[in-house]
Amino acid sequence: MSLKLSTGLRNFLTGEGCLRKAFEDAVLYIYSGTAPAEADDAASATPLAKITKSSGAVAASARSTPTYYKITIAHAGDAPDVGDIVKLEVDSVDFQYAATASENTVEKLAIKVAQLLNDLAQVDAIPTHGDGILYVQGRYPGVDLTITEDTSTGGLTVTVGAAVAAVAVNTLKLAAPAAGVISKNTDTWSGVGLVAGTASHFRLVTSSDANTDNTTDLRIQGTVSTSGADLNMSNINITVGPTVTIDTFALTEPANA
């Protein structure tokens, strides 16, 4: 097995990103023949198949949109009391924060709640100033996010506005990781055969990848076979017309580099 990561992807992973974020709107191409020496190189052949969600069309640079919520924290008195608790459910998991003496305004309490929400893997939260309002957005566009208020205590009133729902285009997405492994989500990954040939390697790229030599695009390149490869397929002989389905796709972060 011989995964190759592009310079752009390596810079992304060692900077602000993660694999799931890098490929939040991805496309998988299956190729035949000799693979390029590096993932920074342009692909050397016409792909045998373009794998998307349920074989759906993906326009160049197509992007999904995230779910987001407006959350308002108010208090019946002049300031939150020590011990007042903001309670939310984020994707059915309890989240709560008890105000301390430092959070003596709803503005400061909203800032603290936003800071702690940002520790969750699936959300980004941004507070406004002076009004106890924060906005929470799903970190992975096209992936549903559910936030509800859960009986906050004291004089607090916490209101979760109606969600602006996620819109997913026909790109591929990775599921949440487990035990150092990140795999395809539950969507069907498939595409019709475009060219007849024997699959030898693949590229996982973003929807905006123009297939040029560069050091900025996010790419993973790997081998394809029926066993022992980076991507194992039940049938590597692709013909024009029939649908090619990818049943399993997983990337592992090793415990020891």
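The charge dipole of region 68-160, taken about its Cα centre with unit charges on the Cβ atoms of Lys, Arg (+1), Asp and Glu (-1) only, comes to about 180 debye. Got a sec? Charge dipole of region 87-210, +1 on Cβ for Lys and Arg, -1 for Asp and Glu; which of 194, 155, 90 is way out at the positive end? Farthest towards the positive pole: 194. The residue list 113, 22, 145 was ranked by how far each Cα lies along the charge dipole of the chain toward its positive end, using unit charges on Cβ atoms, and 22 comes out on top. Counting charges near residue 138 (Lys, Arg +1; Asp, Glu -1) among other residues having Cβ under 9 Å from its Cβ returns a value of -1.
Of the peptides 198-209, 77-88, the ranking by mean beta-carbon count within 10 Å, highest at the top, reads 198-209, 77-88.
What number comes out for the charge environment of residue 34, summing +1 per Lys or Arg and -1 per Asp or Glu over other residues with Cβ under 15 Å away?
Overall, the nearby charge balance is 0.
Relative to one another, the C-alpha centroids of region 199-248 and region 17-78 are positioned 14 Å apart. Ordering 25-38, 52-65 by mean Cβ neighbour count within 10 Å, with the highest value first, yields 25-38, 52-65.
Taking Cβ atoms as reference points and 9 Å as the exclusive limit, the residues near residue 177 contribute a net charge of 0, counting Lys and Arg as +1 and Asp and Glu as -1.
FYI, it's all coordinate maths here, none of it is from the lab. No experiment lies behind these values; they were computed from the predicted model shown. Reconstructed Cβ throughout: ideal geometry from the backbone, glycine too, with neighbour counts over all protein chains shown.
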